[in-house]
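J.: Below: one structure in C-alpha cells.
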Amino acid sequence: MAVSAEQLLSVPDDGMRRELVRGELRVMTPPGADHGLVAAEVGRVLGNHVNEHRLGRVLAAESGFVLERDPDTVRAPDAAFVSRTRLAALGRTSKYWPEAPAFAVEVVSPSDSFHEVEAKALGWLAAGSVAVLVLDPERRSGTIYRAGGEVRVHLGDAVLDLDDAVPGLRLELAGLFE
C-alpha cells in the first residue's frame with residue numbers, strides 16, 4: 001500500500017530522515033561532515049543573496065516538498081529557493097511545501113550513487129524546478145541541471161550563473177568547498 005505525504009508527515013520523529021518516492025518510504029543515511037559543511041555553505045550564500053535582494057525565502061535541509069501526487073513523492077533537498085511570488089500565492093504552511101522550489105541544491109554523500117543523484121535532479125525538474133545544482137565535495141564539482149534539458153559540469157574556479165532560477169545569483173564554486 002502506498003504511503004501518502006500526509007502519512008509521512010505524521011510518522012513519529014525517531015531521528016531518521018525519510019523521503020517518499022512514488023508512495024514508497026526511503027530512509028536516508030545521515031550524511032558525513034563534508035556534506036554538512038558544503039550544504040551549510042551553499043545555504044548561507046544562497047540565503048544571504050535571497051535576503052539581500054528580497055527575492056523570497058531559502059529553505060534548509062530536511063524541508064519537504066511534494067513533487068508528485070497519487071502516488072506521492074516528497075523530497076528534501078539540501079537547500080531550496082522559493083520565490084516571493086510563490087510564497088505570496090501559496091502562503092505559509094507547517095506541512096510540506098505543495099510544489100517544487102524554483103531552485104534546489106543536492107550535495108552528494110559518499111553513499112549516493114550517480115544514478116540516485118541524477119534521478120533526484122531530474123525529478124526536481126519534472127516537478128517544476130527551473131534549475132538544480134548538484135555539488136560533489138569529493139570531486140569538488142558542481143553540475144547544473146536546467147529545465148530545458150541542459151546539463152553542465154563545472155570544476156575548479158568556475159563561477160556558476162544561476163540567474164534563471166534565482167535572479168542575480170552567481171556562485172563561486174571553489175568557495176563552496178573551502
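Every number in this text was worked out from the coordinates using simple rules, so none of it is lab data. If you're wondering where the values come from, they're calculated on a predicted model, not measured in any experiment. Backbone-built Cβ (ideal geometry, glycine too); neighbour counts: all protein chains shown.
J.: Pick from 90, 46, 125: which residue has the top mean-square fluctuation in a GNM of the chain where Cα pairs under 10 Å get a spring?
T.: Result: 90 has the largest fluctuation of those listed.
J.: Now, a different point. Give the label of the value calculated from the structure for Cα extents along the principal axes in Å, choosing from (1) 47, 37, 30; (2) 42, 37, 27; (3) 47, 41, 27.
T.: Only one option fits the structure, namely (1).
J.: Working out 0.36 nm times the residue gap between residue 90 and residue 155, then minus their Cα-Cα distance, what length gain in nm do you get to one decimal? Numbers along the way, then the final one.
T.: Values: separation 65, 0.36 × 65 = 23.40 nm, distance 3.68 nm.
Taking 0.36 nm per residue and subtracting the Cα distance, the gain is 19.7 nm.
J.: In debye, nearest 20: dipole of the chain around its Cα centre with unit charges on the Cβ of K, R (+) and D, E (-)? Before the final figure, lay out each step's value.
T.: On the way: 19 positive and 27 negative charges, 114 e Å.
Rounded to the nearest 20 debye, it is 540 debye.
J.: Place a +1 charge on the Cβ of each Lys and Arg in the range 73-178 and a -1 charge on the Cβ of each Asp and Glu, then give the dipole magnitude about the Cα centre in debye, rounded to the nearest 20. Before the final figure, lay out the partial values.
T.: Working: 11 positive and 15 negative charges, 109 e Å.
Dipole of the range 73-178, to the nearest 20 debye: 520 debye.
J.: Provide 85, 93 in ascending order of the number of other Cβ atoms located within 10 Å of each residue's Cβ, fewest first. List each step's numbers first, then the result.
T.: Working: 85 11, 93 8.
Least crowded to most crowded, the residues run 93, 85.
J.: Sticking with this structure for a sec: Along the positive direction of the dipole of the chain (beta-carbon charges: Lys, Arg +1; Asp, Glu -1; about the Cα centre), which of 38, 122, 111 reaches farthest?
T.: Selected residue: 122.
J.: Next question. Quick check: the angle from helix 33-52's long axis to the longest principal axis of the chain, C-alpha only, nearest 10 degrees?
T.: 80
J.: Would you list 114, 81, 177 from fewest to most Cβ contacts within 10 Å? List each step's numbers first, then the result.
T.: Details: 114 10, 81 28, 177 18.
Ranked by crowding around the Cβ, least crowded first: 114, 177, 81.
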